[in-house]
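> Take this structure, written in structure tokens, and hold onto it; I'll ask about it next.
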Amino acid sequence: MSDLSPLEVHFPRLVADIQAVWGSPASFGRLQELLVDSRGGRQGFPEAVYSDLSLLLSLVPRPRGPYDIWSEAMDADGTA
């Protein structure tokens, strides 16, 4: 059995791409780009790879902007 995740096994180039931006403000946007089809008609990732990407996205701080009403709502109820 491999110690590699499905993402590492099937998409090593994406792993390198994610590592290049990990920890920077660009990491949230890059992971979102991978998970959301903005070009239309894309096949998408296998379920296990999508799960890996979703987990990584959950670990990255969400960027805050002046019009981010959701982060303001979370701050107001004390959950963030």
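The values are calculated or read from the model by the stated rules, or taken from the named source; none is laboratory data. Please read these numbers as outputs of a predicted model, since none were measured by experiment. Virtual Cβ from ideal backbone geometry, glycine too; neighbours counted across all protein chains shown.
> Going through 24, 58, 51 one at a time, which residue ends up being closer than 19 Å to residue 10 by Cα and modelled with pLDDT of 90 or more?
On the way: 24 fails: closer than 19 Å to residue 10 by Cα; 58 fails: closer than 19 Å to residue 10 by Cα.
Step by step, each of 24, 58, 51 is checked, and only 51 is closer than 19 Å to residue 10 by Cα and modelled with pLDDT of 90 or more.
> When you scan segment 15-34, how many residues do you find that are more than 15 Å from residue 62 (Cα to Cα), among the aliphatic types (A, V, I, L, M) and without any contact (Cβ under 8 Å) to a residue 24 or more places away in the chain? Let's see the steps before the verdict.
Here is the first cut: in segment 15-34, the residues more than 15 Å from residue 62 (Cα to Cα) are 15-20, 34.
When the remaining residues are screened for being among the aliphatic types (A, V, I, L, M), the result is 15-16, 18, 20, 34.
From the residues that got through so far, the ones that are without any contact (Cβ under 8 Å) to a residue 24 or more places away in the chain too are 15-16, 20, 34.
Residues in segment 15-34 being more than 15 Å from residue 62 (Cα to Cα), among the aliphatic types (A, V, I, L, M) and without any contact (Cβ under 8 Å) to a residue 24 or more places away in the chain: 4 in total.
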